[in-house]
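So the structure is just underneath, and the comments pick up after that.
Values quoted throughout were computed directly from the atomic coordinates according to the rules given, and no laboratory measurement underlies them. All of these numbers come straight from a predicted model, not from anything done at the bench. When we count neighbours, we look across all protein chains shown, and the Cβ atoms used for this are built from the backbone with ideal geometry, even at glycine.
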Amino acid sequence: MNEHELKDAMREAVVASSPPPPMDAGTALDRARRAHRRRRATRGGAVAGLAVVGIAVGAVLVPDLVGGRGAGVPPASSPSGGPPSVTGTGLPSAPVQVTTGGPPSRPPADPSATDRSAADPSGTRPSWPDGQTDRTATSGPRADRARGLLDDLAAALPPGLRAEDRTRVGYADHGPMTRHQGQYADTVDGAQVWEYTATTPVVRPGEPGVAELWIQVETRGNNRVAGEACEAATRYPYPISGGTCEVVEVAGRRVGVVTGAVADPLRNTYESAAFHRHPDGTLVMLGVAREYGESGHPGMASVPLDARQLAALAVDPRFHLD
């Protein structure tokens with residue numbers, strides 16, 4: 001095959017495998033929007049990937065240049081969007097895994113601490129509890145508990161704030177703004193570990209702006225986030241990245257409250273967050289931002305909950321779930 005025959009064959013293959021896009025304007029616009037979102041997420045992942053490659057190359061080359069692997073290498077500085085700094089706690093900042101494009105994935109559970117009865121004997125596919133077909137409970141007591149978490153979150157708001165469902169403007173494919181979920185996480189020492197989450201828009205009646213409030217409760221036996229208060233806040237970048245953590249005491253209970261961060265809708269992070277671990281290990285986390293990301297609604301002028309109000313929500317007994 002000569003050069004001309006090769007070009008002709010390649011052209012025919014491209015034409016045959018790439019039919020022209022549909023002429024329907026609505027379909028084309030929807031595809032363009034989805035492609036735009038994918039490009040934004042991909043750019044963020046690519047930048048993070050290049051940064052990781054650069055760090056890895058430096059870690060290999062620099063030690064060799066200065067006299068041996070591991071010698072003379074200064075500690076890496078923390079980026080401005082990294083884990084919260086800690087004040088007034090005496091707890092050291094801990095390294096966190098940097099992720100992009102949404103909440104970080106769950107690290108693998110410790111095999112020594114996990115009851116393997118939750119896995120399929122063949123080892124080829126998981127088996128879910130209580131007759132479920134996947135992690136999420138769509139009916140039964142676990143689903144009811146997730147719904148109750150959403151209702152209790154609305155009822156626990158301080159005076160002057162109200163949980164109020166809204167409809168997205170221009171982001172219809174993002175789903176409802178008020179939502180809840182009960183999800184099986186693991187089986188540890190024979191006990192099921194569950195995660196309950198709820199998200200709601202928050203408004204001040206008579207004032208413009210729609211804020212976002214999120215809560216997640218991980219039942220006792222959870223082992224994804226270590227520590228309590230600010231120690232827990234610095235171990236995991238979600239639901240907040242950056243900011244400063246301080247311990248706020250409510251009725252003798254310690255709550256790590258992070259403020260001063262910048263919300264990022266693409267990573268689902270918030271401006272303020274609270275972390276509280278009950279004595280039995282149950283972990284309660286909250287996040288709040290003055291604007292509900294990708295909703296099409298304008299945000300509030302300021303974050304609607306201060307540090308003490310967030311801490312009070314974190315220790316509320318209504319959120320101590322099993």
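Considering all alpha-carbon pairs of the stretch 226-322, what whole percent are spaced by more than 16 angstrom? Walk me through the numbers before you get to the answer.
Numbers: 2411 of 4656 pairs.
Result: 52 percent of Cα pairs exceed 16 Å.
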Taking Cα centroids, how far is the stretch 255-314 from the stretch 168-184 in Å?
18 Å
Going residue by residue through the stretch 261-269, the Karplus relation 6.51 cos²θ - 1.76 cosθ + 1.60 with θ = phi - 60° gives ³J(HN,Hα) values, rounded to whole Hz and with x marking Gly or Pro, of 8, 10, 5, 9, x, 5, 9, 6, 10
Under the rule of at least 5 residues apart or a separate chain, name every residue whose amide H is placed under 5 Å from the amide H of V193.
A185, D186, T187, V188
Under the Karplus relation with 6.51, -1.76 and 1.60 and θ = phi - 60°, whole-Hz ³J(HN,Hα) for the stretch 281-286, x at Gly and Pro, equal x, 4, 10, 10, 10, 10
Residue separation times 0.36 nm, minus the C-alpha to C-alpha distance between A143 and H320: what's the value?
62.1 nm
Name the residues of the stretch 285-322 whose amide N is less than 17 Å from a point 7 angstrom out from the Cα of A191 along the C-beta direction?
319-322
Could you pull out every residue, at least 5 positions away or on a different chain, whose amide H is within less than 5 Å of the one on T178? Hs are placed 1.01 Å off N in the peptide plane, and Pro or chain starts have none.
R166
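Scale the Cα Rg of the stretch 199-266 by the rule-of-thumb value 2.2 N^0.38 Å and send over the ratio, two decimals. Each step should come with its number before you reach the end.
On the way: Rg = 14.3 Å, N = 68, 2.2 N^0.38 = 10.9 Å.
Ratio of Cα Rg to 2.2 N^0.38 Å: 1.31.
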Report the relative contact order of the stretch 159-207, percent, no decimals, based on alpha-carbon pairs under 8 angstrom and at least 6 residues apart.
45 percent
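Express in nm, to one decimal, how much length is gained between E249 and D130 on full extension, taking 0.36 nm for each residue of separation and deducting their alpha carbon distance. Before the final figure, lay out the partial values.
Numbers: separation 119, 0.36 × 119 = 42.84 nm, distance 3.82 nm.
Stretched fully, the E249-D130 segment lengthens by 39.0 nm.
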